[in-house]
Amino acid sequence: MSLFRKFLKSKSKSDKEKDTPEKAERGKYMPDVKLPTDERFMMNFKNNGGKFLYCENEAEVKEAFDNILLENDWYEKQCCIFDPKLTKRFDGFNLEFNRSGEAAFFLSTCEFLVANDGSILISSNQIKEQKLHELPSCFVIISSTSQLVDTIGEGLRGIKTKNKQSIPSNITTIKNFGNRKEGDFMSYGSSTKNLYLLLLEDL
């Protein structure tokens, strides 16, 4: 069973009872147990306000994307997209593809998913030289489980390894996916996005 499927599956009463003694044995000064990378990412991503949709295959990706369009009434609307492969991949959804920041939403892949802070690492490979605030306020990101990393540093090394000939510019992270609370200075000056993540199992 996939780790994501296992994590998303609700626990039965007996499972919860099994968890209790183990937690009771740990003293309050014991260091926290480090969660696996995938679970840490999902927890932090949701805490950031992101909407997470796990897909086991391409058919589930298309179904989830269709549900997002229905939920937001995006059929026959403009979709900002820079990747011709994605244009071909989602060509059957009655969308008008363009590169406008005035579109209903932005459809893209990403470089990596960072577990430690639940952020999404992107570069000019996805957004060209656009700034985040120049793109639509709604994002739909397509990614896969093989793109999960623990830290931003690990993700940057991965970008360098994948692009030995020419390292992409405009590298940035997105980690504010909901309305910023008043007084939340940690996200001051960053672009908040209403973001859906379609994560395809490929491991």
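When each of the peptides 56-66, 157-167, 103-113 is scored by how many other beta carbons lie within 10 Å of its residues on average, the order from highest to lowest is 103-113, 56-66, 157-167. Site pair GLU71 and GLU56 shows an inter-label distance of 2.0 nm when each label is modelled 7 Å from Cα along Cα→Cβ.
Mind giving me the FRET efficiency for ASP83 and MET43? R0 is 22 Å, r the Cβ-Cβ distance, nearest 0.05 is fine. Don't skip to the end; give the middle numbers.
On the way: r = 29 Å, r/R0 = 1.30.
For ASP83 and MET43, the calculated efficiency is 0.15.
Looking at the square roots a ≥ b ≥ c of the eigenvalues of the Cα gyration tensor of the stretch 108-171, which shape do they give, rounded for a/c under 1.5, prolate if a/b is larger than b/c, or oblate? Oblate, because a/c is 1.5 or more while a/b does not exceed b/c. Taking a ≥ b ≥ c as the square roots of the eigenvalues of the Cα gyration tensor of the stretch 36-114, is the shape rounded (a/c under 1.5), prolate (a/b larger than b/c) or oblate? It comes out prolate by the Cα gyration axes. Between GLU102 and ASP202, the distance separating the two model label sites (each 7 Å from Cα on the Cα→Cβ line) works out to 3.5 nm. Applied to the stretch 93-100, the Karplus parametrisation 6.51 cos²θ - 1.76 cosθ + 1.60 on θ = phi - 60° returns per-residue 3J(HN,Hα) values of 10, 6, 10, 9, 7, 8, 10, 8 Hz, with x for Gly and Pro.
Semi-axes of the stretch 19-152's equivalent ellipsoid from the Cα gyration tensor, sqrt of 5 times each eigenvalue, largest first, rounded to whole Å? Mind dumping the intermediate values first?
Working: eigenvalues 232, 56, 33 Å².
Square roots of five times the eigenvalues give 34, 17, 13 Å.
Highest-first packing order for the peptide set 76-89, 119-132 is 119-132, 76-89, based on the mean count of other beta carbon atoms within 10 Å.
None of the figures in this text is laboratory data; all of them are computed from the coordinates on show. What you see is a predicted model; the values in this text were computed from it and never measured. Quick reminder, even Gly has a Cβ in these numbers, built from the backbone with ideal geometry, and neighbours come from all protein chains shown.
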